[in-house]
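Input: a single structure, listed below in structure tokens.
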Amino acid sequence: MGKKLKYIVGILIIGVLLFFVFLRLTKPKEEVEAKALPTVTTISMEKGNISVKEELLGEISANEQFVLLSKISGEVLEIYKENGAEVKKGEKIALLDNQKQIDAAKYSLEQARAQAQVASDSRDRLAALRDSGDISVQDFETANAQAKAMDAQVKAAKLNYDTQLEFASITAPADGILQNSILVQGAFVPQGTQLGTLMGSGAQQLNFFVTEELVKKLQLGQGVVVEKGKESHTGSITEISSVLVPQTGLYPVKASVENTAFPEGSKVKLSLIKDSRSDVETLPVNVIYYENEEAFVYIFERTEGEEGVLRKKKLELGLMGEEKVEILSGLSPDDQVVSSWNNEMYDGAKVRLQAESGKAGQTKDEPVQKESVTESTKESVKEEKG
């Protein structure tokens, strides 16, 4: 009985072992998780405008300029306008100390008026005597001439007095902007000192030079933008010379610019449009690749659902701006151009289209986002492996 029991137990153990071996041998292979496909975003060509700017250096000059000179020697008593200030014709800019000359001129004027009054009274008395026949006409004419001479002296003294008053005040000879002022309150300035300049109001002149290639593209009236520091002003081309400067090989160009606070001779940066295209097919510059100096893009070719492959397409490019480039040929309006980038991009690479594609989204400078693999993707991978 004991041997029989042992025999049965042994058979059971062997059976269990064989069962586990059978399960082990017949166990199906584990499902292989499908590797996520790289995702891409796409855009299409868009109609738009492209312009190419040229940046140059220029120099500002005034169409009308006045030099402010000190007509007397004296101390600066008051300063009414600072550098860069707008002034109107006749408006005071500064006041110089000219009191001694003014006082002397005033005294001379008062003396001349007193002498003129005496001469006038004497002439009036002699006129009555002449009428009564007590003096000759010749004596009256002599007195009359003296009275007129005194009147002339009064006018001269008055002019001198007014001139001294005028010389004490530095006034604007025209509307404009005060530049290069050296006025300092309390400082002494000799007669004839240049105190500053006044740039006439209105447009200023911008002078610059361009190459032969660029001069052929410029037009009278074409706009320019002038910048210096944080200031920006607009203007237009008024003169394009057809004669180059031998020393530089460049062509002089002049433009009229709205009145600025830039001093005469200021160096400024200017920009102008040297070429442009309107209503042309465009793509962002950063979706264009180059190989052997030939431009190309990757387009998304759909295979199933949101999956597809990349196809390389060569392009013929036109005008290239800072952000957009003109597409002359190589693409159709329906082509989905890949606008994102990853390190697995090549002709024929399998990819998956990211949601919201077709808009200006990622660029090839942005990191590529990965998406989880869907059940349909897993099944397709299983079928391939099977």
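Take TYR161 and decide whether it is among the hydroxyl-bearing types (Ser, Thr, Tyr), at pLDDT below 85 and on the phi < 0 side of the Ramachandran plot.
It is true that TYR161 is among the hydroxyl-bearing types (Ser, Thr, Tyr), at pLDDT below 85 and on the phi < 0 side of the Ramachandran plot.
Given the structure, is PHE300 assigned to a loop (DSSP other than H, G, I, E, B) and among the aromatic types (Phe, Trp, Tyr)?
no
Out of the residues in segment 280-317 that are farther than 20 Å from ASN49 by Cβ and among the hydroxyl-bearing types (Ser, Thr, Tyr), which is surrounded by the fewest Cβ atoms within 10 Å (Cβ to Cβ)? So that I can check it myself, show each step before the final result.
Of the residues in segment 280-317, the ones farther than 20 Å from ASN49 by Cβ are 289-314.
Filter once more, keeping what is among the hydroxyl-bearing types (Ser, Thr, Tyr): 289-290, 298, 303.
On the way: TYR289: 16, TYR290: 8, TYR298: 26, THR303: 11.
Across segment 280-317, the extreme among qualifying residues is TYR290.
Let me spell it out: the conditions are (1) modelled with pLDDT of 90 or more; (2) assigned to a loop (DSSP other than H, G, I, E, B); (3) not hydrophobic (A, V, I, L, M, F, W, C), and THR260 meets all of them except one. Which number is the exception?
Just one mismatch for THR260, condition (1).
A quick yes/no check of all residues on (1) crowded, with 16+ Cβ neighbours inside 10 Å; (2) part of a strand (DSSP E or B); (3) of a type in the set (Phe, Trp, Tyr); (4) at pLDDT below 90:
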residue	(1), (2), (3), (4)
LEU183	yes, no, no, no
PHE209	yes, yes, yes, no
LYS269	no, yes, no, no
SER278	no, yes, no, no
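The values are calculated or read from the model by the stated rules, or taken from the named source; none is laboratory data. Quantities reported herein were computed from a predicted structural model and do not represent experimental measurements. As a convention, Cβ positions derive from the backbone with ideal geometry for all residues, glycine included, and neighbour counts pool all protein chains shown.
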